[in-house]
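> Have a look at the structure that comes next, please.
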């Protein structure tokens, strides 16, 4: 029965895994595209930073999502500590 | 035991759940719902709109489930002051449009209102009360299980409705039989008493 984890161990492992996982959410016509990366992986972080630069350069606005529906915050530059970054396309009047 | 371990791992990672196929519209609504407060979520599912407080002015805006002219600016008494319309330049699903509008009003309200077009009222065919908007909401927003069950029952009832005459005739026959039985017993009873 070694594969059975106690709830405390499971929560601890999950929190540890979740604490290093980040996601970039890009709004598109398919709903959204998600790009996950791990902050402990330097190469993945560099790729994520490059993605951030390209999208914001193309007119997307980056916002940090709070996760509970409360207002997030705008991101002027890449921050690898932000768990969920949402990329909003350029807005126009309708 | 490796099999059991794999199954438990899959369940724990939500692998079975992620296989659910959802349309882009539903994915958009799921993303929106994940980023609403519980109160906004309840309001949206119940009324097809949710309220957002402008990050800079503190003004209350009401965002309707609709592509165009869907942002109501409300005054202190909850009455409409203006209808605003702005949306992402790219073609997005409606859930994403609403989330983009929510984020814009909360994080860069003045700029969003500056680029928005203002109207005094909703468009007749394009507003939130249009048939298209209602149908889109029904199609994309997932209802609770009891509402889905009620809807299934209603549609099932509609499906058997053409045969309603059969049920009516049957009901009349049963009532007639019961009545004749009762009448017979009454007549017999009166015969016995005499």
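> Considering only residues that are part of a strand (DSSP E or B), free of Cβ contacts under 8 Å to residues at least 24 places away in the same chain and within 12 Å of chain B (Cβ to nearest Cβ), which ones fall in the range A:22-36?
Residues satisfying the conditions are A:28, A:31, A:32, A:33, A:34.
> If you go through the range A:37-65 one residue at a time, how many are more than 11 Å from the chain's Cα centre (by Cα) and either surrounded by fewer than 16 Cβ atoms within 10 Å (Cβ to Cβ) or touching a residue at least 60 places away in the same chain (Cβ under 8 Å) (or both)?
13
> Give me the residue from the range A:79-94 that is surrounded by fewer than 17 Cβ atoms within 10 Å (Cβ to Cβ) and without any contact (Cβ under 8 Å) to a residue 12 or more places away in the chain and, out of that set, farthest from the chain's Cα centre (by Cα).
A:93
> Moving on to the next point. Which condition breaks for residue B:112 when tested against (1) under 27 Å from residue A:63 (Cα atoms); (2) outside any helix (DSSP H, G or I)?
(2) is the only condition that residue B:112 fails.
> Turning to a different aspect of this structure: Just name the residue that is modelled with the highest pLDDT out of those in the range B:18-61 that are away from chain A (no Cβ under 13 Å), under 17 Å from the mean Cα position of the chain (by Cα) and crowded, with 17+ Cβ neighbours inside 10 Å.
Among those residues, the one meeting the criterion is B:49.
> Being surrounded by fewer than 17 Cβ atoms within 10 Å (Cβ to Cβ), out of contact with any strand residue (DSSP E or B) (no Cβ under 7 Å at 6 or more places or on another chain) and either in a strand (DSSP E or B) or more than 8 Å from chain B (Cβ to nearest Cβ) (or both) is the filter here, so list the residues in the range A:67-78 that pass it.
Correct list: A:76, A:77.
> Turning to a different aspect of this structure: Are any of the residues in the range B:76-86 in contact with a helix residue (DSSP H, G or I) (Cβ under 9 Å, 6 or more places away or on another chain) and closer than 22 Å to residue A:60 by Cβ?
Yes, the range B:76-86 contains at least one residue that is in contact with a helix residue (DSSP H, G or I) (Cβ under 9 Å, 6 or more places away or on another chain) and closer than 22 Å to residue A:60 by Cβ.
> Restricting the range B:65-81 to residues that are within 13 Å of chain A (Cβ to nearest Cβ) and at pLDDT 90 or above, which is surrounded by the most Cβ atoms within 10 Å (Cβ to Cβ)?
B:71
The values are calculated or read from the model by the stated rules, or taken from the named source; none is laboratory data. Small disclaimer: the values here were computed from a predicted structure and weren't measured. Cβ atoms come from the backbone with ideal geometry, glycine included; neighbour counts cover every protein chain shown.
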